[in-house]
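Q: Pasting a structure here, questions to come.
The values are calculated or read from the model by the stated rules, or taken from the named source; none is laboratory data. None of the values given here were measured: they were computed from a predicted structure. Backbone-built Cβ (ideal geometry, glycine too); neighbour counts: all protein chains shown.
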Amino acid sequence: MAKYHYKESPALSQKKAFEKYLSEDEDLVLATGLSKAFIRSKFIMYLMFPGLIFAALGLGLGWFFHLERLWTAILAILLTSFVAFIKTAHLYHANRYLLTTRRVIIKRGIFGVRLTATLYDKITHLEVDQSFVDRLFLHHGSIIVNTAGVSKGEIVLKNIDYPIEIKNLMERLINREREQLGLRATPVTAVEGEIIT
């Protein structure tokens, strides 16, 4: 039996948090964001930069206030970790992907928000971009949503966990929307890269 990673989504807290982005005739089906592996890698990168700058600041403050070496090292580690955590938390909350009953929405930003959305009936096909390492070890990838009538022609859900599952869910939502509109339910997918069978 297949294991589905998104069967419990969305939580009540997610529904409340994102209801302001939905129209009155749609419901939230899935709220997700950047993959855990991607977030962990960014945290490690933020420990290096700007973390090392704040580590140097902590060492400088310890020297200036004549702290013992142990407390100076603790101060440097705390400043480095705090900055890396704040930047990682911002990255996580500033990049959210929402699937509703009618459309896919990409939300960028926390204080200033930029929304990109496309209706399911405008989607021409979906592509999954997932490297060998992403598929086997990290379990993340990107979904390219090709649309009709958008100037760029595509929107991308980057670095999401289990992209094949989300692609399959999107196909079901697209077909359901087309059936409700009286359009013929046709396959909407063109998968690129590795295919999980």
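Q: So residue 134 fits all but one of (1) modelled with pLDDT of 95 or more; (2) surrounded by 16 or more Cβ atoms within 10 Å (Cβ to Cβ); what number is the exception?
A: Condition not satisfied by residue 134: (1).
Q: If you don't mind, another one. Which pairs do you get when a residue that is over 14 Å from residue 96 (Cα atoms), found in region 111-136, comes within reach of a residue that is among the small types (Gly, Ala, Ser) and part of a helix (DSSP H, G or I), reach meaning Cβ atoms under 9 angstrom, with the pair 6+ apart or on two chains?
A: Here the result reads 134/37, each pair linking region 111-136 to a residue that is among the small types (Gly, Ala, Ser) and part of a helix (DSSP H, G or I).
Q: Just need a number here: residues in region 113-123 that are over 17 Å from the mean Cα position of the chain (by Cα) and either surrounded by fewer than 19 Cβ atoms within 10 Å (Cβ to Cβ) or not in a strand (DSSP E or B) (or both).
A: Of the residues in that region, 4 qualify.
Q: Would you mention how many residues in region 1-56 are β-branched (Val, Ile, Thr) and in a helix (DSSP H, G or I)?
A: Within region 1-56, residues that are β-branched (Val, Ile, Thr) and in a helix (DSSP H, G or I) number 3.
Q: Please tell me if residue 99 is under 19 Å from residue 34 (Cβ atoms), surrounded by fewer than 16 Cβ atoms within 10 Å (Cβ to Cβ), in contact (Cβ under 8 Å) with a residue 24 or more places away in the chain and in contact with a strand residue (DSSP E or B) (Cβ under 6 Å, 6 or more places away or on another chain).
A: Criteria not met by residue 99.
For every residue, the table says whether it meets (1) of a type outside the set (Lys, Arg); (2) assigned to a strand (DSSP E or B).
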position: 88; (1), (2): yes, no
position: 93; (1), (2): yes, no
position: 98; (1), (2): yes, yes
position: 107; (1), (2): no, yes
position: 111; (1), (2): yes, no
position: 125; (1), (2): yes, yes
position: 156; (1), (2): yes, yes
position: 167; (1), (2): no, no
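Q: If residue 74 meets every condition in (1) surrounded by 14 or more Cβ atoms within 10 Å (Cβ to Cβ); (2) farther than 19 Å from residue 159 by Cβ; (3) in contact (Cβ under 8 Å) with a residue 12 or more places away in the chain apart from one, which number is that one?
A: (3)
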